[in-house]
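Chemist: Just passing along the structure, written as structure tokens.
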Amino acid sequence: MALTTAPARLVPDGHAAPLPGGGESITRAPACLPRSASPAAPTRLSIARDRVRQGIGAERLAELHRASLPLDLAAALVPPAAIAAGIWAVGLPDLHWGVRAALVMTIGWLMTILALVTHDLFVHRRCFGARASLWAGVASMGVTTLNAVIYRIGHELHHAHINTERDTEQFKNALSTRFRRFAHMTLPGFKWAVSGRWDPPGSTPILDHPSPNRATARERRLAATVCLVFPAVAAVAAFFDPLRVVLGYVVPLMVVAPIINASRTVLEHADADESNPLWLGTNYRCGWLAQFFYLQGSGDCHLVHHIFPRIPFYRCPAAARAFAPVLAAAGVPEHRSIWTLWRGWFWKAWPHRSVWPLADERRPDRA
């Protein structure tokens, strides 16, 4: 049973939906504890939520949770339609090579956008209902050969155990060398990393977490089948239109999308302090270009997402501005140079999920 420190209601899938007061579920000890038992201490995440709620007010927090059906529908429909249009256009005859190359990169970027939309609409908010969100997510992630059910299981555990030894994204900590970080920019390198082959002994790879029940196990097997359908269709289509398959699907999937995905790693949890409940990740102030390129899901927007994951992606920039004074008061440094962060990640190989030197120098108590 999940209890809350602020108003929330439980929905059938076991998650808690925010109420007008801005509350979300925080797992606590059951109410039927024996008299000798003590209630569980607040988690770091509950502390972070309480501080933000106190800092910006419950009414403002409720506004930031407000969803927009037109924007949700556009986010669900536009990326797959744009990918299909791009695949058609990239195979047009007599197309200038520069335009063709731009189309290839755009399709790869749209594939990452499709995955980010799935993450927000179908994994966290399930805004079209649990069943519809499940199959929409399976189809969307199947395009990129990722099992949406395995992702959902691992990602929910990532949120529940952020910045702890049980965090399912510990595999990113194992990206400890330049070679591994550049290898992670390829699809084979990404799949090798998430398989846990670089993880320290005793770690549980993100792909190995068991299904919580039989229904989820069935969904997992069906999602695995869908992941095989798209490559199979592409293989058959290659006999009839190899140019569109190679430039419209294979290259964007194998080359472009992994590079964009890897560039986000440093903007999520690279710079973090486990002792600070609000310093959950890299507090990079995203401008309009970064917000557009990463679907408002990196840097300061990603911090917002981890504190209140059901804030819609299109409200994360406003939420980041509202959260900024609270983060500053808690000693979370703000980064303004993405180039400095990329240099620290790809060239200097600073450890993932640690207090980075450049961040430590900018901490408010050292200013």
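The values are calculated or read from the model by the stated rules, or taken from the named source; none is laboratory data. Not measured: the values here are computed from a predicted model. Here Cβ is always computed from backbone atoms with ideal geometry, including for glycine, and neighbour counts include all displayed protein chains.
Chemist: Determine if segment 157-173 includes at least one residue that is out of contact with any Leu (no Cβ under 8 Å at 6 or more places or on another chain), hydroxyl-bearing (Ser, Thr, Tyr), modelled with pLDDT of 90 or more and surrounded by fewer than 16 Cβ atoms within 10 Å (Cβ to Cβ).
Modeler: No; the residues of segment 157-173 include none that is out of contact with any Leu (no Cβ under 8 Å at 6 or more places or on another chain), hydroxyl-bearing (Ser, Thr, Tyr), modelled with pLDDT of 90 or more and surrounded by fewer than 16 Cβ atoms within 10 Å (Cβ to Cβ).
Chemist: Can you tell me which residues in segment 102-124 are closer than 23 Å to Ala67 by Cα and aromatic (Phe, Trp, Tyr)?
Modeler: Selection gives Phe122 alone.
Chemist: Please go through segment 131-182 and pick out each residue that is over 18 Å from Pro258 (Cβ atoms) and aromatic (Phe, Trp, Tyr).
Modeler: Selection gives Trp135 alone.
Chemist: Answer yes if at least one residue in segment 222-230 is in contact with a Phe, Trp or Tyr (Cβ under 9 Å, 6 or more places away or on another chain), under 30 Å from Thr282 (Cβ atoms) and not assigned by TED's automatic domain parsing to the domain that holds Leu280, and no otherwise.
Modeler: No; the residues of segment 222-230 include none that is in contact with a Phe, Trp or Tyr (Cβ under 9 Å, 6 or more places away or on another chain), under 30 Å from Thr282 (Cβ atoms) and not assigned by TED's automatic domain parsing to the domain that holds Leu280.
Chemist: Within segment 190-218, take every residue that is among the hydrophobic types (A, V, I, L, M, F, W, C) and at pLDDT 75 or above and give me the one that is farthest from Val138 (Cα to Cα).
Modeler: Trp198
Chemist: I would also like to ask the following. Quick one: count up the residues across segment 257-276 that are of a type in the set (S, T, N, Q) and in a helix (DSSP H, G or I).
Modeler: Within segment 257-276, residues that are of a type in the set (S, T, N, Q) and in a helix (DSSP H, G or I) number 3.
Chemist: Would you say Gly108 is under 19 Å from Val226 (Cα atoms), among the small types (Gly, Ala, Ser) and buried (at least 17 other Cβ atoms within 10 Å of the Cβ)?
Modeler: So Gly108 fails the test.
Chemist: Given Phe292, Phe308, which one is without any contact (Cβ under 8 Å) to a residue 24 or more places away in the chain and either surrounded by 19 or more Cβ atoms within 10 Å (Cβ to Cβ) or not β-branched (Val, Ile, Thr) (or both)?
Modeler: That would be Phe292, the only listed residue that is without any contact (Cβ under 8 Å) to a residue 24 or more places away in the chain and either surrounded by 19 or more Cβ atoms within 10 Å (Cβ to Cβ) or not β-branched (Val, Ile, Thr) (or both).
Residues are listed down the side, and each one gets a yes or a no for (1) touching a strand residue (DSSP E or B) at 6+ places or on another chain (Cβ under 9 Å); (2) over 22 Å from Val255 (Cα atoms); (3) without any contact (Cβ under 8 Å) to a residue 24 or more places away in the chain:
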| site | (1), (2), (3) |
| --- | --- |
| His96 | no, no, yes |
| Leu110 | no, no, no |
| Leu114 | no, no, no |
| Arg131 | no, yes, yes |
| Gly154 | no, yes, no |
| Arg166 | no, yes, yes |
| Arg178 | no, no, no |
